[in-house]
């Protein structure tokens with residue numbers, strides 16, 4: 001018996017996939033088809049899949065061509081599978097010509113001609129046509145525009161801001177200082193304006209029938225945040241909180257491990273986010289153009305606290321050193337949260353520096369994420385007995401921004417909010433920002 005093996009994502013199964021599998025089957029007597037897992041696809045930079053793993057497996061099975069279907073989950077598995085199943089022939093499409101020649105050491109490698117005129121990328125792009133406008137002047141918008149280019153069918157077409165800034169260097173993106181002009185030409189907006197303007201910009205976009213992805217905090221008060229989510233729901237629109245850390249695969253996994261009891265009962269969560277690169281100085285000509293430490297860093301720092309311990313804390317206390325109190329510019333802020341059976345602390349700063357790590361302590365062990373933890377691609381689960389320690393690494397492309405854009409686009413397609421940052425967490429973040437602005441429960445450091 002001649003065994004043949006091939007691999008693929010098989011997203012949105014089409015005629016080209018069928019022809020490839022038919023040609024593969026014709027090479028031997030028994031065809032094994034490896035369908036790549038969602039996690040493995042992410043590590044390879046494939047973030048545009050429209051269907052989850054089980055749907056893709058079911059589609060391949062329904063064709064009735066494969067004799068056996070397996071899941072590809074890690075780098076190097078092809079060699080393991082060839083040995084495990086006694087494979088005689090490995091085959092893939094000709095677009096991979098030469099790439100898998102190293103497998104000739106283990107079996108015969110054959111590259112099959114592709115079916116011209118059809119591909120999953122083209123199908124996804126045709127299915128998804130989403131135009132996005134960017135609202136705001138921060139340099140971070142350039143990252144967003146760049147990362148959007150990795151998402152099929154998504155096109156950033158314009159920027160609304162008081163000044164063009166670096167827009168001129170971005171090809172095919174127009175600039176306008178009139179918000180209505182931008183809203184008339186897009187399906188959705190990404191809001192990264194000054195935090196105090198988020199409510200105004202988000203509300204106008206929603207009232208204009210546009211979907212919104214907004215940097216956290218979505219609004220300056222809990223009531224405003226609730227109002228915006230209610231407005232989006234009433235109009236059948238998507239409003240998502242853009243905290244990119246939530247979309248990193250490694251961060252998702254550490255949450256599952258923490259909540260799944262791998263380190264016992266959670267006792268504390270400590271998150272530190274600081275940066276001096278975009279820090280504040282008292283000599284700044286216009287401090288209002290800068291994000292303070294609480295708006296710039298606290299949403300990310302609060303994310304693991306609220307996702308692990310929930311938003312029903314019983315007490316919180318701010319410790320803040322202001323660089324300019326009148327302009328509400330804090331150089332450093334520490335926030336303590338007290339829960340019935342746990343505590344949490346966040347430290348955020350743009351005028352001070354500390355190790356940007358995340359530590360989740362439990363009764364049986366702890367999870368440690370090294371700096372910069374908000375760009376999570378690696379973490380460790382540590383125990384009293386060091387021999388039990390485990391390390392986890394997951395590829396992170398584009399700081400999670402492209403994954404966030406994919407989730408936003410999928411949510412719009414499906415009509416369901418697929419945000420990794422639940423509405424109650426966005427609202428809780430806005431509530432903490434509101435209390436900070438009101439100097440509630442605050443101890444000021446001289």
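Quick notes
- Restricting attention to segment 125-136, the residues that are closer than 17 Å to residue 411 by Cβ and modelled with pLDDT under 80 total 2.
- When residues of segment 243-260 are limited to those that are assigned to a loop (DSSP other than H, G, I, E, B) and under 18 Å from residue 374 (Cα atoms), the one modelled with the highest pLDDT: 243
- Residue match in segment 58-77 (condition: touching a helix residue (DSSP H, G or I) at 6+ places or on another chain (Cβ under 8 Å), within 29 Å of residue 407 (Cβ to Cβ) and touching a residue at least 60 places away in the same chain (Cβ under 8 Å)): yes
- Test: residue in segment 308-330 that is assigned to a helix (DSSP H, G or I) and either without any contact (Cβ under 8 Å) to a residue 24 or more places away in the chain or more than 14 Å from residue 433 (Cα to Cα) (or both): yes
- Checklist (1) under 30 Å from residue 235 (Cβ atoms); (2) touching a residue at least 12 places away in the same chain (Cβ under 8 Å); (3) in contact with a helix residue (DSSP H, G or I) (Cβ under 9 Å, 6 or more places away or on another chain) applied to residue 411, failing item: (3)
- So residue 335, is it in a helix (DSSP H, G or I), at pLDDT 95 or above and crowded, with 17+ Cβ neighbours inside 10 Å: no
- One residue from 408, 393 being farther than 30 Å from residue 198 by Cβ, modelled with pLDDT under 95 and touching a strand residue (DSSP E or B) at 6+ places or on another chain (Cβ under 6 Å): 393
- Just one of the listed residues (384, 380, 434) is modelled with pLDDT of 95 or more and closer than 18 Å to residue 308 by Cα, namely 380.
- Scan segment 62-105 for residues that are on the phi > 0 side of the Ramachandran plot and over 34 Å from the mean Cα position of the chain (by Cα) and the total you get is 2.
- Unmet criterion (only one of (1) more than 20 Å from residue 17 (Cα to Cα); (2) at pLDDT below 90; (3) surrounded by 14 or more Cβ atoms within 10 Å (Cβ to Cβ)) for residue 139: (3)
- The helices (runs of 4 or more DSSP H) located wholly in segment 170-242 that include 3 or more residues which are closer than 15 Å to residue 134 by Cα occupy 179-183, 198-207.
- Put simply, of 436, 392, 408 the only residue that is in the same structural domain as residue 332 (by TED's automatic domain parsing), more than 16 Å from residue 301 (Cα to Cα) and buried (at least 22 other Cβ atoms within 10 Å of the Cβ) is 408.
- The listed residue being farther than 24 Å from residue 411 by Cα, crowded, with 16+ Cβ neighbours inside 10 Å and at pLDDT 95 or above, out of 263, 238, 280: 263
- Sole residue being modelled with pLDDT of 95 or more and touching a strand residue (DSSP E or B) at 6+ places or on another chain (Cβ under 7 Å), chosen from 154, 189: 189
The values are calculated or read from the model by the stated rules, or taken from the named source; none is laboratory data. Please read these numbers as outputs of a predicted model, since none were measured by experiment. All Cβ positions, glycine included, derive from the backbone under ideal geometry; neighbour counts span all protein chains shown.
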